[in-house]
Amino acid sequence: MAGLARSPSLWRLDREYLAAGRCVVAGVDEAGRGALAGPVVAAAVVLPAGSELPGVLDSKRLTPEQRWRTYRAIRADAVAVAVGVVEGDEIDRINILRATHRAMATALARLQPPADFALIDGLPVEGLMIPHRSLVKGDLHNYLIAAASIVAKVARDLLMADLDALYPGYGFADHKGYGTASHCEALRRLGPCPLHRRTFEPVAALLRPRLPGLDV
């Protein structure tokens, strides 16, 4: 993948923890945190030590075709892969931060074999059953987290494409629930559907009662 250079240090932290005796290290990342509709999806990935799959980078730096090709390579090479999903209604109940943490915890709990240690994108996560280290922008700097970012993104994209057939007219297969101009126009025209997160703007604004005589 020309032009997408990967730092040779992407395995450095993974090797440090492997050398410390933590034999199964997982990378964890999420997709869909900033979307207006649909779930937040987290992935946990364990790859063989020394894995050097081409294209394992932050998922946002890859085209859809590159992500799909790399996703398939990760699934074929992985020691373990698992996904956790938290739906939009639960996001509204507990907030997006807690929902993201719950999705990450679910993904880690589903890993077989289980991980002994996790490297997680972002800030520290509460409620995990195993020790972990959080890395801000970890998907840019760590190989396992980058792999998890690709798995989470592709898994969520596939889910949103399926949901597009259940809720036609919004374009979920195209924008995946993010706040694009076309999505916001469909929201104004059709109103929110059950996939929309009621606590997120501009969805919340559309649901607020309007004062009589005021166009607000």
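No lab work stands behind these numbers, since they all come straight from the coordinates. The shown structure was predicted, so the numbers you read here are calculated from the model rather than taken from an experiment. Cβ atoms come from the backbone with ideal geometry, glycine included; neighbour counts cover every protein chain shown.
Between Val79 and Glu201, what is the FRET efficiency for a Förster distance of 41 Å, r being their Cβ-Cβ separation, to the nearest 0.05?
0.50
For the chain, which span is the longest to avoid every loop-located (per DSSP) member of GluC sites (Glu not before Pro) having at most 16 other Cβ atoms inside 10 Å? Display every interim value, and only then the final one.
Details: sites that count: Glu52, Glu87, Glu126.
Here the longest segment lacking exposed loop sites spans 127-216.
Could you work out how far apart the two model spin labels at Glu126 and Thr106 are, taking each label as a point 7 Å from the Cα in the direction of the beta carbon, and quote it in nm?
With each label point 7 Å from Cα toward Cβ, the separation is 1.9 nm.
Quick one: grab the alpha carbon gyration tensor of the range 92-150, order the square roots of its eigenvalues as a ≥ b ≥ c, and give me rounded if a/c is under 1.5, else prolate or oblate depending on whether a/b is larger than b/c.
oblate
For the pair Arg98/Glu185, report the inter-label distance in nm, with labels modelled 7 Å from Cα in the Cβ direction.
3.8
Please report the relative contact order for the chain, taking Cα pairs under 8 Å with a sequence separation of at least 6, and give it as a percent rounded to a whole number. If you can, show how the numbers build up before the last one.
Working: 398 pairs, mean separation 58.8, N = 216.
Once normalised by length, the contact order is 27 percent.
Can you give me the orientation-averaged projected area of the convex hull built on the Cα atoms of the chain, in nm²?
Details: hull surface 51.5 nm².
Approximately 12.9 nm², given one-decimal rounding.
Take every DSSP beta bridge with both residues inside the chain and express the antiparallel ones as a percent of the total, to the nearest 5.
Among the beta bridges of the chain, antiparallel pairing accounts for roughly 60 percent.
Could you give the Stokes-Einstein D for the range 104-216 in µm² per second, using the C-alpha Kirkwood radius, 20 °C, 1.002 mPa s?
This corresponds to a translational diffusion coefficient of 126 µm²/s.
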